[in-house]
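Here is the structure we will look at, set down as structure tokens.
The values are calculated or read from the model by the stated rules, or taken from the named source; none is laboratory data. Remember, it's a predicted structure, so these values are computed and weren't measured experimentally. Here Cβ is always computed from backbone atoms with ideal geometry, including for glycine, and neighbour counts include all displayed protein chains. The protein model used for the area step is the full one, side chains on, heavy atoms only, and it has no ligands, DNA or RNA in it. Shrake-Rupley method; radii C 1.70, N 1.55, O 1.52, S 1.80 Å.
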Amino acid sequence: MQTEPISRENLSRYLQLLTNDEIFDMDTGRISCFGVYDEESDAAMGLIAAQILPRHIVIERIYTVPEYRNKGVATALLELITDVPEDMRMTFYLFTAEEDADTEFLKNRGFVSANSKYSYVCGNLGDMVDLKVPGSLRKDCEVNTLDLVSDKQIREFVFEGAYDTFLQFPEMELDRNRYSEGSLVCLRDGRVEGLMTLEELDAFIRIGYFNCKDARTAYLLFSEMKDLLLEEYGAQAKVRFLAIEGEENKIGNYFSKSEERPIRVYKKKMRG
């Protein structure tokens, strides 16, 4: 069993294990991936993906090929990425909303459960309600995709006030590589009135930030987003809204049927 960083040179070995999102994020430098392979067969045994952020490191995914499970693969990968130089010692986090997550594995390897104020509100595009948007609002406001709005305009709306630095904006800046072209911005007289960030992932569409100055602007952004995604993905596409501290009911009102999934957070603090 041999560990190694995953790069363009050895990507073919792990191609069947990586998601399209992980390949793209490695190319842009957003995440780093490490793998384990069998030295005799040269077959990939598993991988781990992590993101180094300004104040902590997030483990995005740990995966072991089924035939190699219970052979120490995941343990070797965790030991590899947590064995960092003293000047890089930060807290490692892993968060999950999946019911089948192996949390006992994490606890047995030094991770502890942390307080979480987060959850996902999950549903299908077809279960989103139809909102009536006044025609006067459409005349007053302009909805653009994120790529047509400057960083300065976004900073004035998001970063000059209170914002979440753990799940919404962990980079503490606007990481355009992270968001899809479908992310929407509502402007009135050149100023941002609302923002909805979308990540079009392999398994679902994630709305990590949805904030507007008033309910009318929120209706407009939501209506535009629904029409855009329905046309591209269809009614059965899965959507997850990130909810923070009691936002679940407000977001749930946008669905006729939805499910709330608490996000569990685990951390391991590295000590020098």
Among the residues of the range 61-81, is there at least one that is free of Cβ contacts under 8 Å to residues at least 40 places away in the same chain, closer than 19 Å to residue 26 by Cβ and open to solvent by 70 Å² or more (accessible area, probe 1.4 Å)? no
If residue 203 passes every condition in (1) surrounded by 19 or more Cβ atoms within 10 Å (Cβ to Cβ); (2) of a type outside the set (Asp, Glu); (3) in contact with a Lys or Arg (Cβ under 9 Å, 6 or more places away or on another chain) but one, which one does it miss? (1)
Verdict on residue 130 being in a loop (DSSP other than H, G, I, E, B) and at pLDDT 90 or above: no
Some residue of the range 27-47 being part of a helix (DSSP H, G or I) and crowded, with 19+ Cβ neighbours inside 10 Å: no
Answer yes or no: is there a residue in the range 164-182 that is among the hydroxyl-bearing types (Ser, Thr, Tyr), open to solvent by less than 50 Å² (accessible area, probe 1.4 Å), touching a residue at least 40 places away in the same chain (Cβ under 8 Å) and assigned to a strand (DSSP E or B). no
Tally time: how many residues in the range 97-127 are aliphatic (A, V, I, L, M) and either open to solvent by 30 Å² or more (accessible area, probe 1.4 Å) or part of a loop (DSSP other than H, G, I, E, B) (or both)? 3
Residues 250, 257: which one is assigned to a loop (DSSP other than H, G, I, E, B) and surrounded by fewer than 16 Cβ atoms within 10 Å (Cβ to Cβ)? 257
How many of the residues in the range 48-74 are closer than 18 Å to residue 100 by Cα and either in a helix (DSSP H, G or I) or under 25 Å from the mean Cα position of the chain (by Cα) (or both)? 10
Number of the exception - residue 92 against (1) open to solvent by 20 Å² or more (accessible area, probe 1.4 Å); (2) closer than 27 Å to residue 8 by Cα; (3) hydrophobic (A, V, I, L, M, F, W, C): (1)
